[in-house]
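**Student:** My questions will all concern the structure given below.
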Amino acid sequence: MASPVIDLGFIARAWQADVLASLKRFSVIVVHRQAGKTELAIAKLVDAALRQPEGRFGYIAPLLKQAKGIAWDRLKAYARKIPHTDINESDLSVTFGNRSRIRLFGADNPDSLRGLVFHGLLLDEVAQFVLWLWGEVLLPTLSSTQGWAIFIGTPKGINLFSQTYYKALEDEDWFAARYSCHETNVFTSEEIGKIQREMTPAQFRQEMLCDFAATSDNVLIPLDLALAATHRHIEPALYRYAPKVLGVDVAWSGGDRSVIMPRQGLVAFRPVIERGLPEKAFAGRVAAAMLKFQPEAVFVDTTGGYGGEVVSRLRDNGHAVQGVVFSWKASDERYTNLRAEMWFRMAQWMQDGCLPLHPPELLSELCAPTYDNDNAANRLKLESKDDVKARIGASTDIADALALTFAFPVATQPLAEALRGRAQKVKTMDDVEATT
């Protein structure tokens, strides 16, 4: 006997139907406010649960309270139309007659998700998730079932959502789509005009045009600038004459990464990233990278005492490296410290430079820090590393490693040797004149 047809009452708009027909295992949907993205999310979860006996599905919002406020009433409304469904108010879950279950979670409590197994996840308002949540917590919950995930939301600067969207555009195994208010037909042109008049230009670009680059005016490196650098191709003839430099950022704490970033002139190459290595072991990785890349200079972050053992071990083994403390005085008095100066130099380099496509989080890190000159010294000041980490949920280790390659001017090896010889000759002549 065929199963009865259940009318959930969901009628897909044109953009929603396009999405449902195009989904892959991993999908990223960027859409403006009030377009019906949460309605689509809940309908997709219910449909998947009814098709998967004993399936496990999750809806995740930035906060559990937010998940309840946005999705719980809508999920219950669908569930009440389906016979033999149990609604559990205490753990915000519904269980259907085929023993498949949908449960609501908050991304603010990642420990409640660790170790669980899902057949599908719907991640809503992903722009407010911390950067590491997907790779460290959520992706492993889908591995054993080969489960799927949909990222959905509206842009809110540079974060996990923007990072995942641009990654999906480059990966044929992912689906990515973006719908502005002019493409969903949710609002009339008159209503769009009213909304635009009530918002600032940046708000309208972000909330209604789904522009990830509509960030605050005091972001040092705009997304447009960083994206252009990832798609720029530079012929070897335009950089092979330039000095090779390694920037080395050493992990400050267990959750941070140690990074080795190679750069030659206008081209930055794919970095080496290590997590959880003690400094003595990481020093060996740096030595290997030096042997392979043959840099003219190596700058190692030794801020706060971190990285000191890396520098000592490398020097003990005959490697010439330079420790760098971010709080050192800048060579240009316009900047509050050396870290600000390095980042501003990097931002200027990015006008013509070339960034690697991987890792994708490099974009998020580069475009995260803000700057100001509203301080007693009236100097350009970069947002602190701790403040950025508190705001985006991750340290800017990879971006800092690239910034370190701009710590001090570097000459190519032949030129450096020539300058040293000239300096020695001048000193000798001075000595001769002083004795005559």
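We did not get these values from a lab; they are worked out from the coordinates using the rules stated. In this text, all values refer to a predicted model and were calculated from it rather than measured experimentally. FYI the Cβ positions are ideal-geometry reconstructions off the backbone, even for glycines, and counts take in every protein chain you see.
**Student:** First measure r as the distance between the Cβ atoms of A242 and R33, then evaluate 1/(1 + (r/R0)^6) with R0 = 45 Å and state the FRET efficiency to the nearest 0.05.
**Tutor:** Working: r = 46 Å, r/R0 = 1.03.
Once rounded, the FRET efficiency stands at 0.45.
**Student:** Using only Cα atoms, find the angle between the long axis of helix 413-434 and the longest principal axis of the chain, and express it within 0 to 90 degrees, rounded to the nearest 10.
**Tutor:** So the helix axis and the longest Cα principal axis differ by about 30 degrees.
**Student:** With both partners inside the chain, how many of the DSSP beta bridges are antiparallel, as a percent to the nearest 5? Mind dumping the intermediate values first?
**Tutor:** Values: 21 of 56 bridges.
Percentage antiparallel, nearest 5: 40.
**Student:** Rounded to the nearest 5, what % of DSSP beta bridges with both residues in region 223-414 are antiparallel?
**Tutor:** Values: 14 of 23 bridges.
Expressed as a percentage, antiparallel bridges in region 223-414 total about 60.
**Student:** How many nm separate the modelled label positions at R197 and A14, each set 7 Å beyond the Cα in the direction of the Cβ?
**Tutor:** Result: 2.7 nm between the two label points.
**Student:** By count of other Cβ within 10 Å, fewest leading, how are L116, L92, L362 ordered?
**Tutor:** Numbers: L116 16, L92 20, L362 27.
Final ranking by Cβ density, sparse to dense: L116, L92, L362.
**Student:** Any idea what the dipole of region 14-207 comes to, in debye rounded to 20, about its Cα centre with Lys/Arg Cβ at +1 and Asp/Glu Cβ at -1? The partial results should precede the final answer.
**Tutor:** Working: 23 positive and 22 negative charges, 74 e Å.
That gives a dipole near 360 debye.
**Student:** So, one more: Using modelled backbone amide H atoms (1.01 Å from N, in-plane), which distant-in-sequence or interchain residues come within less than 5 Å of V267's amide H?
**Tutor:** Here the answer is C354, since their amide H atoms fall under 5 Å of that of V267.
**Student:** In debye, nearest 20: dipole of the chain around its Cα centre with unit charges on the Cβ of K, R (+) and D, E (-)?
**Tutor:** Working: 49 positive and 52 negative charges, 141 e Å.
It works out to roughly 680 debye.
**Student:** Applying the Karplus parametrisation 6.51 cos²θ - 1.76 cosθ + 1.60 with θ = phi - 60° to the phi angles of region 168-175, what ³J(HN,Hα) value in whole Hz is obtained for each residue in order, glycine and proline being reported as x?
**Tutor:** 4, 4, 8, 10, 5, 7, 10, 10
**Student:** Label points 7 Å out from Cα along the Cβ direction at L139 and D332: separation in nm?
**Tutor:** Between L139 and D332, the simple spin-label model gives 3.7 nm.
**Student:** Tell me, what HN-Hα J-couplings in whole Hz come from the Karplus equation 6.51 cos²θ - 1.76 cosθ + 1.60 at θ = phi - 60° for each residue of region 297-306, using x for Gly and Pro?
**Tutor:** Rounded to whole hertz, the list is 8, 10, 10, 10, 5, 10, 4, x, x, 5.
**Student:** So, one more: Mind checking which of V310, A228, M208 is farthest towards the positive end of region 175-322's charge dipole, using Cβ charges of +1 (Lys, Arg) and -1 (Asp, Glu) about the Cα centre?
**Tutor:** Final value for the positive-end residue is V310.
**Student:** From the P(r) of region 235-381, could you give the percentage of C-alpha pairs in the tail past 27 Å? Mind dumping the intermediate values first?
**Tutor:** On the way: 2618 of 10731 pairs.
Within region 235-381, distances greater than 27 Å cover 24 percent of Cα pairs.
**Student:** GNM, the chain, Cα, under 10 Å: largest mean-square fluctuation among A401, A127, A320?
**Tutor:** Ranking A401, A127, A320 by mean-square fluctuation puts A320 first.
**Student:** Which residues does a label at R74 reach in region 81-95, if reach means a backbone N under 18 Å from a point 7 Å past the Cα toward the Cβ?
**Tutor:** Within reach of a label on R74: 81-82, 92-94.
**Student:** Give a residue-ordered list of calculated ³J(HN,Hα) values for region 124-137 (Karplus: 6.51 cos²θ - 1.76 cosθ + 1.60, θ = phi - 60°; whole Hz; x for Gly, Pro).
**Tutor:** Listing the rounded values in order: 9, 6, 5, 4, 9, 7, 6, 4, 7, 4, 5, x, 8, 10 Hz.
**Student:** When S189, S162 are ordered from fewest to most other Cβ atoms inside 10 Å of their Cβ, what list results?
**Tutor:** Working: S189 8, S162 25.
So the ranking, lowest neighbour count to highest, is S189, S162.
**Student:** Please find the FRET efficiency linking F408 to H358, where r is the Cβ-Cβ separation and R0 is fixed at 45 Å, and quote it to the nearest 0.05. Working shown, then result.
**Tutor:** Values: r = 27 Å, r/R0 = 0.61.
Using R0 = 45 Å, I get an efficiency of 0.95.
**Student:** Here is a further query. Would you kindly state how much longer the chain becomes between L116 and D7 on full extension, computed as 0.36 nm times their sequence separation minus their alpha carbon distance, in nm to one decimal? Walk me through the numbers on the way to the answer.
**Tutor:** Details: separation 109, 0.36 × 109 = 39.24 nm, distance 3.08 nm.
Fully extending the segment from L116 to D7 adds 36.2 nm.
**Student:** If you take every DSSP beta bridge fully contained in region 78-170, what fraction is antiparallel? Give it as a percent rounded to 5.
**Tutor:** Numbers: 6 of 11 bridges.
Counting only bridges with both partners in region 78-170, antiparallel ones make up about 55 percent.
**Student:** Next up: Any idea how far apart S312 and D372 come out in nm if each label point goes 7 Å out from Cα toward Cβ?
**Tutor:** Computed distance between label sites S312 and D372 equals 3.9 nm.
**Student:** Given the DSSP H assignment, sum -39500 (n - 2.57) over each helix run of at least 4 residues in the chain and divide by its residue total; what's the result at 222 nm in deg cm²/dmol, nearest 500?
**Tutor:** On the way: 16 runs with 156 residues, N = 436.
Helix contribution divided over all residues of the chain: -10500 deg cm²/dmol.
**Student:** Estimate the FRET efficiency between S384 and D47 by the formula 1/(1 + (r/R0)^6), using the beta-carbon distance for r and 41 Å for R0, to the nearest 0.05. Walk me through the intermediate numbers first.
**Tutor:** Values: r = 46 Å, r/R0 = 1.13.
Calculated transfer efficiency: 0.35.
**Student:** Arranged from highest to lowest average of other beta-carbon atoms within 10 Å per residue, in what order do the peptides 28-39, 129-140 appear? Intermediate values should be presented prior to the final figure.
**Tutor:** Numbers: 28-39: 21.2, 129-140: 18.0.
The densest-packed peptide leads the list: 28-39, 129-140.
**Student:** Rank E191, E207, E170 by mean-square fluctuation in a GNM of the chain with C-alpha springs under 10 angstrom and give only the top-ranked residue.
**Tutor:** Result for the chain, Cα springs under 10 Å: E191 fluctuates most.
**Student:** Using only Cα atoms and rounding to the nearest 10 degrees, what angle (0 to 90) does helix 279-293 make with the longest principal axis of the chain?
**Tutor:** Roughly 70 degrees between the two axes.
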